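Remarks on the structure that follows.
The values are calculated or read from the model by the stated rules, or taken from the named source; none is laboratory data. Owing to the predicted nature of the structure, the values given are computational and were not obtained by experimental measurement. Here the Cβ positions follow ideal geometry from the backbone for every residue, glycine too, while neighbour counts run over all protein chains shown. What goes into the accessible areas is simple: the full protein's heavy atoms, side chains included, and nothing from ligands, DNA or RNA. Shrake-Rupley method; radii C 1.70, N 1.55, O 1.52, S 1.80 Å.
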Amino acid sequence: MTEILYPNHNGTHHAATLLRQGGIVAFGTETVYGLGALSTSETAVRRIFSIKGRPAFNPLINHFSSAKAAFAETDMAASPLSRIAQILADRFWPGPLTLVLPRHPQSRICTAATAGLPSIALRVPKGEAIRRLLEQVGGPIAAPSANISGRVSPSTAEHVLAGLDGAIDALFDTGPCTVGLESTILDLTGDMPVLLRPGGVTREALEAVCGPVHFSGHNIQTSAPSAPGQLSSHYAPRLPVRLNATQIKEDEALMAFGQALPCPAAYIPVWNLSETGDLAEAAARLFSGLRFLDHASSCLIEQGISIRGIAVQPFPDHGLGLALADRLYRAAAPRPQDPASEECA
Ligand code: TXA
Ligand code: MG
């Protein structure tokens with residue numbers, strides 16, 4: 001049974017105890033809900049992989065209550081970018097930024113959490129509730145997004161339960177996530193910062209602090225990735241997604257941005273990411289929107305009305321638009337069940 005806990009004194013204490021004992025607890029962060037286990041427990045971390053159906057080669061992000069605790073697990077001397085790491089942490093932690101750095105040879109983080117890589121992904125999430133939880137646990141928490149692998153990430157407690165009720169020990173319900181998209185992942189193991197995943201901290205904001213950041217574009221992969229985190233079918237709703245739509249077909253649902261396009265039929269489900277064209281609002285509403293349109297379309301299909309896809313209106317490609325586009329490109333990529341796709345997580 002999955003216990004529902006709230007971020008009051010008892011709830012936080014109980015969630016921390018469960019985690020310390022090797023339990024699996026989903027919790028809210030400012031980005032999305034995470035599926036947490038003690039980073040130092042190989043057994044607990046393996047359970048996360050099995051609950052999510054996640055391939056073992058795809059490492060997890062480790063969550064800390066402070067930058068000092070996070071950097072203690074890294075081999076800063078082995079990174080030519082250690083000074084940049086420090087500056088970025090000072091500027092963006094706590095917050096939606098994950099740094100990838102060389103793993104310290106004596107790091108307590110278990111091999112399953114890093115997928116055996118010589119690097120480690122670290123983040124200090126923002127929010128009173130999660131900070132208190134991490135402090136009470138007294139050690140790092142490994143947490144991927146709290147969804148079945150390859151499905152839409154959860155930005156509310158209800159989303160978590162929809163996919164994982166009964167499969168996890170507890171859900172620490174901290175309300176809807178304010179950013180609503182996963183953290184930005186920045187690789188600092190080479191000679192230059194590399195953006196592995198656009199997210200809650202924009203590329204522009206990073207570059208203002210640390211100079212040029214390399215980004216190879218939305219290169220969607222379908223097999224074991226060279227840079228983890230680039231699997232194709234992440235964030236996929238059940239219906240295929242069509243991007244940059246300027247007209248809606250009769251058998252499509254609409255994800256609007258700004259002024260909604262005219263719909264050819266009254267039954268067409270519509271979700272507006274942001275009527276005012278605000279990218280932060282759009283980011284916070286994206287995953288709820290994908291779920292809503294999927295669900296509304298399924299109801300119509302049951303009534304015999306054919307809905308075959310989700311059409312997405314264009315939105316700007318700067319700022320948070322880069323992360324929005326990344327999630328939607330992945331949602332639009334071939335599905336695991338498609339013969340075109342080899343990957344199933
Ligand atoms: O906002 C977030 O980042 C959320 C919350 C819960 O913190 N977590 C999250 O985790 O999105 P997940 O597992 O869905 O995505 C983590 C990504 C994966 O794509 C993984 O490949 C990448 O981080 N990653 C982890 N360790 C890495 C490493 N050493 N090198 C490169 N990528 C890494
Ligand atoms: Mg995920």
With the 1.4 Å probe rolled over protein heavy atoms, the chain has an accessible area per residue in Å² of 41
On the formula 1/(1 + (r/R0)^6), with r taken between the Cβ atoms of Glu3 and Met192 and R0 of 35 Å, the FRET efficiency rounded to 0.05 is 0.20
For region 55-129, shape from the Cα gyration tensor axes a ≥ b ≥ c, cut at a/c of 1.5 then a/b versus b/c, turns out oblate
Note to self, the chain gives a 222 nm [θ] from helices alone (DSSP H runs n ≥ 4, -39500 (n - 2.57) apiece, / all residues, nearest 500) of -9000 deg cm²/dmol
Percent relative contact order for the chain, counting Cα pairs under 8 Å at least six residues apart, stands at 20
Which residues qualify? For Thr98, with a placed amide H closer than 5 Å and at least 5 residues away or on another chain, they are Thr184, Ile185, Leu186
Carbon and sulfur atoms account, in whole percent of the 1.4 Å probe accessible area of the chain, for 53
Simple spin-label estimate for Glu158/Thr17, 7 Å along Cα→Cβ, in nm, reads 3.1
Output for region 36-116: chymotrypsin sites (Phe, Trp or Tyr not before Pro) sitting in coil per DSSP, at most 15 other Cβ within 10 Å, listed by number, reads Phe57
Taking the alpha-carbon centre of each part, the distance from region 99-129 to region 12-62 in Å is 13
If the label point sits 7 Å along Cα→Cβ of Arg83, residues of region 196-219 with amide N under 13 Å come out as 210-211
So, with points 7 Å from each Cα along the Cβ direction, the Gln136-Lys249 label distance in nm works out to 5.1
Quick calc: nm separation of the 7 Å Cα→Cβ label points for Ser66 and Cys299 -> 5.0
The ³J(HN,Hα) series, computed from each phi in region 309-316 with the Karplus coefficients 6.51, -1.76 and 1.60 at θ = phi - 60°, rounded to the nearest Hz and given as x for glycine or proline, is x, 10, 9, 10, 5, x, 9, x
